[in-house]
Each structure stands twice: as C-alpha cells, then as structure tokens.
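The values are calculated or read from the model by the stated rules, or taken from the named source; none is laboratory data. Predicted model only: the values in this text are computed from it and were never measured. Counting neighbours? That spans all protein chains shown, and the Cβs are built from the backbone with ideal geometry, glycine included.
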Amino acid sequence: MPPVLPFPTPRHRSCLPGVNRGGRNVACRGRSINRFVEADMVRSFLAIVALAAVLLGPAPQLAQAASPPPGGTVHEQDIPYFEACAREGLNASECAGRLIWFKATAGNDRFHTYVFQQRVGVLIDWFRVLRTDERQDRFRAWGGINDPNCCTPGSVNCPAKSLDETFGLDWCPGDAELLKYVGKEGYVDPACDFRDAPLAEGDVHGPADQRQSACDLKFGTSTGMLGIRKFPNPRFDLDKWVKLNGRAGSWEGYNGKIPAAGGSDEPAKSRLLDGAVEPPFLIGTSCGSCHISFDPLNPPRDPANPKWENIKGLLGNQYTRISEIMVSGMSTNTLEWQMFAHARPGTSDTSAIPNDQVNNPGTINALINIPQRPVFANEQVLKWHKVASCGSKPEAICWCEPERDGKCWEKSIKRETVHHILKGGEDSIGALEAIQRVYFNIGSCSEQCWVNHLTDLRVADPQQRGFGQTPFDIGQCRRDCPNFRAIEDRLGNILDFFMSAEARATDLREARENAVRKLSLNARYTDQDLIADLETEFGNGAVARGRDVFANTCARCHSSQPEAAAGQFDALDFHKLDEKTGLRADWLGNDAPTLVSEVGTFRCRALHSNHMTGKIWQEYGSETLRAQPADPNLKEPADGGRSYYRNISLLNLWAHAPFMHNNAVGPELCGNPANKANDFYAMRPRYVDGKDLSLLPPEQQPACWAYDPSVEGRFALYKASMDALLNPDQRVPKVTLLNEDVTLRVGPRLWDGTEKEKLLGFSLTIPAQIDGRGVNAGTVGNFQHKAFVVDLVQAKFKPKEVEARLVQQWGEEEGKRILADLKGITEEVTKTPNGLVEALKKRPYLVKQIYSSCFAEIENAGHRFGEDLSDADKKALIAFLATL
Amino acid sequence: MIPHRIARLLAAAAALALLAGCGAKEDRTPPDVPFAPWALAHNAKPDFASVEYKYPLSVADLYKLTPKNLALLDQEQVDQIYARLSAGPIPDGPYEGDLFFPRGESGKLRLSEIAGGGLKGLLVNVAGKKLDLIGEFLWKGKVFYRDERLLRNRIEDLGPLKSAGLVEESDANPLQEIEVKGKDQWLLFPAQLYCGQSLLDGRRESIIIDYAFTDQLPGYRRMPDMLAGRDGFIIRDEIRMVRPGFYLGRAYIDRSFVVNFVLYNDEIAEAAKADFMQTGTTAQDCWTGTQQRKVITAAAK
C-alpha cells in the first residue's frame, strides 16, 4: 500500500499579510491582495485533498475521491508539488508552471532512450545512474537530487519489496500503476490529469480553451532522481530481459562491458549499443533535471535524503554532473566521453548535442528575482506572433492549427523588448521562446524537428546532409510535433513561475536566521547581526567600505540601476526595494554584452555559434544580436553575434560559488562517491603547471572541495572563490586535459580479425600526452576536422581557391604557410597512408589554432578586475557582497 | 586506386543487374515523381518535413518506382524518396536484393565521392578485397524471420568466400541451407531486426538490420559472419517500404553511409497490390512519427 502523504499544513504561511516574521521578507512586500487570495485558494484546495487523504487512506483512492475543481484526479505524486506551491505562495498559473517545469518531458523519453543512442551515437547507462542500490551515493556521484517520495525496494515502508518489482530502480509514487504497463500498451500518462490554470485574460487564442492536450506534456513518474522521469516501455519483453540479465532487477547483461576484439586500444562496447534490446523503461528529462536545486535558505541535513522543503526549482543544480550522465554508457577512451565529460559540477555544454565544435560548458543559470531582470527595448526580432486569423497570407508566414478556431501564428519582424538570455545573450527573441528552446535542447520533438538539422561529426562530405547544421524551423515543429504545442500553449505558466516568489533572492541573513531557528524557534538573525558577524571576520566597517568599493569598481557592469549606467555611482542603493514587486530593485547585473577580450575569462563559451545565421538556433537569435561587431582582439572566427559575455547578476553570490560561466574560478568541487568508478574528479584533476600546462603531480594538486550545500559550506566556498577572483596571480592554472588517448575517426574502417586497416576515411589518434606535455581536451572538441579535411583535399585539387581563402583570413604570409603545410601533409599521407598523425604532429598549430574554433587553454584566467585593490578593500568587497 | 576498384566492382554489379532488367521501359527511365528543388551543398538541400508536406508521394507515384529505376536517380532524389516512406511491416520470408549507386550529379560513383569527391587517393587506403566480397553478399538476397526478429543473407556461391579463407565450417556447426525458387542457397551473416532510428531522417522509425551483435545470434560462425559485426565493418542497414513487397534501404559502415539497396518479393508485391492501390495503407510495425502523412490514392483524387 502506498504511504499516505503528510497533510500539507500551511505551516509556511510566510507570505500572508500582517504576519511578522521578524525580518525582511522582500518577496512578500508589495504583493497584491489578489495573489494572496489565489494562494489561499490553492491552500484551501490542498486542505480538501489532504482531508480526503486522511479519511480515505491510500493516496490513489483519496485523489479520486477528492473531486477537485475542473481537471479531476490529483495524483499522489503531485501532492508535494501543490504543497510547495502553497509554501511559496504561488498562484494557479505559477503553480501550473512549476509542475510542468519539474515534470514535463514533452516526449523526450524517446530521445534519451533511442535517438541519442542510435542517431547521435552516444550511450547513456541509465541503470548506472539510477540504480536504487546506490541511491545513497547518487548525489555524490552524479549530483542528482533524490526524490524524497521515492524509496529503495525492501527498505522500511517502501511499497516495493524486491528489486525485481522495479527493475532495479527506486519505487516512486505512481509506480503501482506504471509498473503494470511495462511491456504493454495502454498506459495513461499522469499528465492527462494535469489541471490547467485558467487561460490568461486577453489571450489571442481565447476565450475558448484551445490548448493542446496536456497528455502531450508527458510526466510519467519519478525515477528517484528529480527531473529524470520514467515511462513504461510497451516493447519490453520480460523473458528476453531475464535471459540477457539473469533477473528482472538486473541490468548486468545490458550494460556490462564487452571488450573489443581489437584490443584495449579500442573502446569496450556493451549491449547498450544494441537497439534490439528494449529496456523496461523509457527515460525522459524535464527542465528540472538541471534546474532543481537545494534551497540555500533551507539546505538538507543529509543531501542524499532531502525533504521537499529543502528543494527549489529555479536556482540551478550546482552539483549536477549531467554531462557525465549523458555519456555514462561510453568508454572513457571515446571521443564522445572526452567531449562531454568535460564540464565541472553545475555546468553543462549545451552545444554538445547540437554540436558546433566549440567545447564550452557553462553553468546552469540561477534564476533569481526575475521581475527585476533588465530588458532591452527596440531590438530587431523575427519571430512568430499569436494572431486570430491569417486571412489570405501564405502558410510560410501565417499558419492556423487545423480543427481549431482562430488559433494562428504569424511570422514577422518587429522591434521588440526582450531579455538577453544565455551566457552571451544569444536567446534574444523573447523569454517565452527562450523557455521553449530549452525543451528542444533536451530532446523534445527531436525526431520530428531537430536531429535532421544537426551536424553528424562523421560526415566529411560537404554535399551530404549532416555535414553541418541547418536551422531548426519553429513553424514546422509547431505543425508537426504535438509536444511542441503542449509546451507552447503553457509557456505563460512557466514564465509566471519564473517571475514567482520561488525565484526570490536567498539572502545569507535569512539563511542564517533559518539555521538559528532550528535551534530556537523564536531566534532572530537581523541585518545588524549579519553585518556584525561579517565585520568580525573582515574588519570593522568592512561592509560599508565594501559598498563603496563595489559601487566604484564593479557597479558599471554589475548593477541594473540606471544611475550605474549613467556613472552616478555614489547615488546607488543596492539594498533598496522595488515598490512594485517588493524585490530588491537592483538585479546586480546589467545583462549587457561585453567583449570577451575585455572580460578576459575563458573565451570558448563566447564563441558558441549555434545562434548564427544558418545554424541550428538561428530562429532564436535576434537580428540585433547577430549584428554585434566581432571582438577585434580575437583571432578565432567571432562574427555573427559571437565574442561577448553578458554582465551577469551577482545576487546571492554567497550561495553560488565557484565563479564564472564555467565554475572555474574558485576551488574545484568533487563528490567523493563511495563507488570510485563514478569519482569523476579523481579521473580528471585540473591543475596544471603554468609554464608548460602539464598536469601537476598528485602531491601538488590542490585538494578538491567536497560538495557541501549547507549554509556555512556555501559561505566558505564563496570566500575561497572570492579570494581566487580578486587575486588572479595566485590562481593555479586549470586546464582540462585528455586523460586517455582518443581516436577521432572519420569514415568507415575495417578490421578483419588479423590486422587493422582503414578502408575509407581516416582516423586521428590524439595521444593524452605529446612530448611529455598534456593535451587540452578542448583541442579535440574544438578541432574543425571537417574544414581541415576539405582544405586538405582542395589544397591538392583547387590550390588557388584555398590560397585565396586562407590569405584573406590569415594574411599573406600565414595563409601561404598554411597552404604549403597542407600540401606537405597531402604528399606525406599519399606516401604513408597512416601517417596523418605524424604529419600533424610536425605542424601542431594547424590543430590548435588554424582549424580550432577556440584556442584558449587556461580555464580560470581573466576577470582581473579588482586585483589592484588593497587587501583591506578586497576583504571589504567580500563582506559587502555577502549581504546581497 | 583501390577505392575506385571497389566502386567499379560494385558499380559493375549494379550495372549488370540493370542490364539484366533492361526489358521493361519503366526500368530504363527515371521515375516521374515529384521532388523538391535542391542544390549540391549540404545546407542547400530541403528539409525532409517540408519535402513531405509540399511534395507528398501518391500511391501511383510509389508504383512508378521499380527496384531498377531508382538507380537512375541522383542520391538526393533517392534520399527524398526514402524520407517520404514509412517503415511498413517488418518483412517475412525470402527477398531478392540489389545494391545501387545513384548516377550522381558529376556522373561519378558515390563511394568515391566521400569528402566532396576529393579524398580519392589521399586519405583512403588498403584492402578492398574483403569489402568487395561482403558487398556482393550483404545487399543481395535475404531471408527475414519476422517472428524471431532475425535476418540471414542468402549466398548462392560460396566459392569466393571459401577461396579467400573466410568460411569456417565444421561438423559441429554446419552451414545452413535454404531452397529458394528451386535453388539451394547458403545462409550466412545473421542480423537482428528491430524498429529503430534512421540515420538519415529522424521523423519516423525505419526497420533496422543490425549486424553489431551478430555473434549473439543462433547459427553464428566467426568467419565470415564477424566481418559484418561490431568488430568488423559494423554494418547497419535501414529499410523503409516503398509498397508491399518492395523496400528501399540504406547501408552504413561504422555509421557512414555507403550504398543504397532494394529488397523485393514479387509474390508479396502482387498479392498486396490491389488492396494497397485502393487504400494506400498497410500495417506499420514501427513508430510512424507525428507529422501528418497524406495518403493519396486514385480514389482520393
């Protein structure tokens, strides 16, 4: 029998007017009465549901008996989400958006089970990540946040008693129903019972509710790791599974390594590669898989066993190893592993799948105080707008959904007010579209609208599809993918969630007050207490002095107040509240683009190219973005809107170290999992000798910091990271090096059991060390091997054309040198067919610069602003920033 | 150049097959079916979703296609046809087969056009002999065992394989035989059958013929079967149904496209023709995607 969930008491009525919490609660101030009424309606409804739960026993029965307002069934798995809505004071739209954000996969279960493996060629070992017998190690290994309502079969009070019942994964609410359909058709997704918020007033497609069926949101049930969802696989065959694995609860035969016949130099394989094996579940991911985090205000006592009140949806998981998850089924000596498993905890290379051959992991953005985030007016945007009819306009620019009444969209170019989203502000046609793009980047509608537009790294023929990207077509996807429409029709709810109290700032003062209240219910920790503690640590007057330092040194970029833009730094008040929203008025970042050479940080992310004309996300970039001039100080291609970083927000910096877009400034983080096969930091230490970039010996490697989401753990990490930020000369350089030889193969190969032969194409083995020096893993991901191959070929057959192009790009002398070297390689390879590696080793600049999309190496360089401050001022700045 | 030799041999086989069927007029002229405009560059080719939406193939169009006239088209045209097909039912029983290289814009053969026609003699090397042999067998006659999701290739003449020392035979593991149309044939190269991802067009699944784990299948013999498996050529084929009894396929070696092929069974084709002409529909074993496909039959017109 499933456990009855606790009554969702309104014990966190922190946002009710008139309740004195003994401290500032910026999120509550200035809210309209209506919002409180709506929040109370949610709470009232929950009370009814919960009362029914108490009276009727098992949750599934209670939900059906509750007869809630339109929408019907409330699933047991949804109750903690509604409880959270009540706790955060969310209205109906915000709450709907929250549920979607946490659970909706929009059909990407097929991507993460079939498409990624077969089409892209990258294997995920979902059992390795989700196995319930390593539930206690999951956070340490993968940074995943355990679902508080799931359990390991056989543990106390867990409804499932054996691993065979759940096929080795956690048991989670809703599984009593879902497990019946493993190997069968007919599962009704819980999303079908999703209760939509009322249609927004004035919706162009209203007043009738014409939203796409909520079934297409596809929730499934939890896997036990928040944001990772499972669905019963109707193609599953239990007999075949048991034959392969020995028992239902084992995946040994499926994910066990099979040595390559060619020897250990070849990557080991596994049946994960075998598309004929159908696993019991299809696994999908919601946006929450990366964005769900621990609440800095209320961290879990045990990160492996959090409670719902420890969890927030918008701050971003600072510990996730989503990249390692995505290649968890690959051998470490594959190109794919080396390219993906390159990211620090809390970062992800979002252009690894829609690959642009720019290796550039970036942090999951913390979404804080979004109503205060700067917007930019008068930007030129080409996009689809909702309209009520198309008249006689052609379908290419105006399209109405069949069998609906006036549910149409028109594509037109307009001057718009937009946010700048992503590290360089690339998502720039509107917040709604930026939200929706996330779904495609995690695989929703991938088959219908995405994968046909991606680069296939193995295609070397410029005339073949897959040689390069082509633009994702929003209009086609809307027409052909129901999951697109299901999300699009509810984007307003998700944006409302972003704007909600759940994204409110998590100040250190409040976090510390929460901590002391766990010891004494009525204890308080005021602003004055915080300042006193900071000044005890950083010196008398440090906070006030730090304010002045910040205003005069940092605010020109890290303030959203108009006075900062006007250079009136003395007038800045960084703590004042916005009268309308009740939030801190200053977003502590102006979101404006700055040339990457000015910032000086690791520039590869700024050279990310997917929003350029002709590239996969072209339709999500504004014309204004693409018109930005290229950074004149770079040698790499930097046009089309590239070569900038946004000036990010410094809100709650105390809780979000280490710093920079790649989490590289500050200590390295590690999970220290019990299962050492998942100890990814140990596999790839980052500190190198600054002179020759070779890896420092183990005894000289600074120790990594173990994950610690506690208040004081975050604060300690903040201080260490600020020290690194303000003292750049003391930073030990970091470079992610190859940790094994990697073979880059283009074209098919042959092995006949007796000798290795390349039949067609070529393979390029990149050794982990060359002449005793480590090889930057980014070199592999950034090597434009297709352009190199094409030039190599044309250097033989069309040398004049190649020369003209090279001279134009690199200048007379350098261009001719490159051509000469290309010809030289051609001759050498013609004489010695397997001599490409040797030929390139003689000319490393071709790989590292000429045919590299980014040749930066030191990952924690740059942002030297503040290095000239006195030690006292640096301390003051650290103290002041901790108050924001 | 060795790759040219491979291409020539394979092309010669295809040409012979074409000549053998030169009697029928529809086999000697490119089929008159609609195509979206395209250019040579990879990014100057139309999106398949758009091709299907604007240029759907009618049932009558599908009957203009023959196992032989497909070879008279450009590769882009073959690709556009393939993208507008669905997987159909997983076949059952024996099928005849043939591989083909399209004529290509330049008139050169596709295999030698990898990397824009320029890699010839440059980055390509060695040993095509074994591929020559494999090519002669893998994309020819097959037997589908639909219920077991298994396929075996029919080999009429073991001589070339034996002379190359590529056939292991023992009393404990005798070669399997089958009789098709009165001819004895050997069964080699077992492969798995399943519904899976097309490496060309993701919008709906294809039927996959996968040799990667051939060593896990009943009757596997190391030689020559391993040549097609994960430690050999890593061959993975995908097919979609043109019409009942007739499939169009794409062959990949280690995820790189190498050759087109057709599979056909005249008896099945004839038996199902009347019904398919009328309805334009057939059983679908694989995921058919969510883009609306227009079924255009004579009745619908």
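Taking the stretch A:767-808, which residues are of a type in the set (Gly, Ala, Ser), under 32 Å from the mean Cα position of the chain (by Cα), more than 12 Å from chain B (Cβ to nearest Cβ) and in a helix (DSSP H, G or I)? A:777, A:778, A:781, listed by residue number. Considering the conditions (1) assigned to a loop (DSSP other than H, G, I, E, B); (2) at pLDDT 95 or above; (3) in contact with a strand residue (DSSP E or B) (Cβ under 9 Å, 6 or more places away or on another chain), residue A:636 is excluded by exactly one of them, (2). Select from the stretch B:37-73 the residues that are buried (at least 18 other Cβ atoms within 10 Å of the Cβ), in a loop (DSSP other than H, G, I, E, B) and not small (Gly, Ala, Ser) and list them in ascending order. Of everything in the stretch B:37-73, those that are buried (at least 18 other Cβ atoms within 10 Å of the Cβ), in a loop (DSSP other than H, G, I, E, B) and not small (Gly, Ala, Ser) turn out to be B:45, B:46, B:47, B:57, B:65, B:66, B:67, B:68, B:73. Can you find, within the stretch A:478-492, the residue that is surrounded by the most Cβ atoms within 10 Å (Cβ to Cβ) among those that are in a helix (DSSP H, G or I) and at the interface with chain B (Cβ under 7 Å from one of its Cβ atoms)? Selected residue: A:480.
Once the stretch B:193-207 is narrowed to residues that are touching a helix residue (DSSP H, G or I) at 6+ places or on another chain (Cβ under 8 Å) and not in a loop (DSSP other than H, G, I, E, B), the residue that is nearest to the other protein chains (Cβ to nearest Cβ) is B:196. Of the residues in the stretch A:306-321, none is over 20 Å from the mean Cα position of the chain (by Cα), surrounded by fewer than 24 Cβ atoms within 10 Å (Cβ to Cβ) and of a type in the set (Gly, Ala, Ser). Output the residues belonging to the stretch A:221-270 that are more than 11 Å from chain B (Cβ to nearest Cβ) and among the acidic types (Asp, Glu). Across the stretch A:221-270, the qualifying residues are A:239, A:252, A:265.
If you go through the stretch A:166-191 and keep only what is crowded, with 18+ Cβ neighbours inside 10 Å and acidic (Asp, Glu), you end up with A:170, A:175, A:189. Just give me the residues in the stretch A:63-107 being crowded, with 23+ Cβ neighbours inside 10 Å and at pLDDT below 65, in sequence order. Scanning the stretch A:63-107 gives a single hit, A:63. All conditions in (1) within 7 Å of chain B (Cβ to nearest Cβ); (2) outside any helix (DSSP H, G or I); (3) buried (at least 24 other Cβ atoms within 10 Å of the Cβ) hold for residue A:444, with the sole exception of (1).
In this structure, residue A:331 does not qualify as within 14 Å of chain B (Cβ to nearest Cβ), among the polar types (S, T, N, Q), more than 30 Å from residue A:650 (Cβ to Cβ) and touching a Gly at 6+ places or on another chain (Cβ under 8 Å).
A quick yes/no check of all residues on (1) surrounded by fewer than 19 Cβ atoms within 10 Å (Cβ to Cβ); (2) in contact (Cβ under 8 Å) with a residue 24 or more places away in the chain; (3) within 14 Å of chain B (Cβ to nearest Cβ):
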{"position": "A:827", "(1), (2), (3)": "yes, no, yes"}
{"position": "A:843", "(1), (2), (3)": "yes, no, no"}
{"position": "A:846", "(1), (2), (3)": "no, yes, no"}
{"position": "A:850", "(1), (2), (3)": "no, yes, no"}
{"position": "A:870", "(1), (2), (3)": "yes, no, no"}
{"position": "A:882", "(1), (2), (3)": "no, yes, no"}
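Filtered by the rule that a residue be of a type in the set (Ser, Thr, Tyr) and farther than 19 Å from residue B:217 by Cβ, the stretch B:146-188 gives a lone residue, B:163.
Which numbered condition in (1) within 14 Å of chain B (Cβ to nearest Cβ); (2) assigned to a helix (DSSP H, G or I); (3) crowded, with 21+ Cβ neighbours inside 10 Å is the only one that residue A:475 fails? Unmet for residue A:475, out of (1) within 14 Å of chain B (Cβ to nearest Cβ); (2) assigned to a helix (DSSP H, G or I); (3) crowded, with 21+ Cβ neighbours inside 10 Å: (3).
Note on the stretch A:681-708: among residues that are surrounded by 15 or more Cβ atoms within 10 Å (Cβ to Cβ) and under 30 Å from residue A:297 (Cα atoms), the one that is modelled with the lowest pLDDT is A:681. Put simply, of A:517, A:524 the only residue that is assigned to a loop (DSSP other than H, G, I, E, B) and surrounded by fewer than 23 Cβ atoms within 10 Å (Cβ to Cβ) is A:524. Among the residues that make up the stretch A:422-429, is at least one of them more than 23 Å from the chain's Cα centre (by Cα) and away from every other protein chain (no Cβ under 14 Å)? Within the stretch A:422-429, not a single residue is more than 23 Å from the chain's Cα centre (by Cα) and away from every other protein chain (no Cβ under 14 Å).
One residue stands out in the stretch A:131-165 among those that are assigned to a helix (DSSP H, G or I) and in contact with a Phe, Trp or Tyr (Cβ under 9 Å, 6 or more places away or on another chain): the one that is surrounded by the fewest Cβ atoms within 10 Å (Cβ to Cβ), namely A:165. Taking first residues from the stretch A:449-467 that are without any contact (Cβ under 8 Å) to a residue 12 or more places away in the chain and partners that are buried (at least 22 other Cβ atoms within 10 Å of the Cβ) and not aromatic (Phe, Trp, Tyr), the Cβ contacts under 6 Å between residues at least 6 apart in sequence or on separate chains come to A:461/B:114; A:461/B:115.
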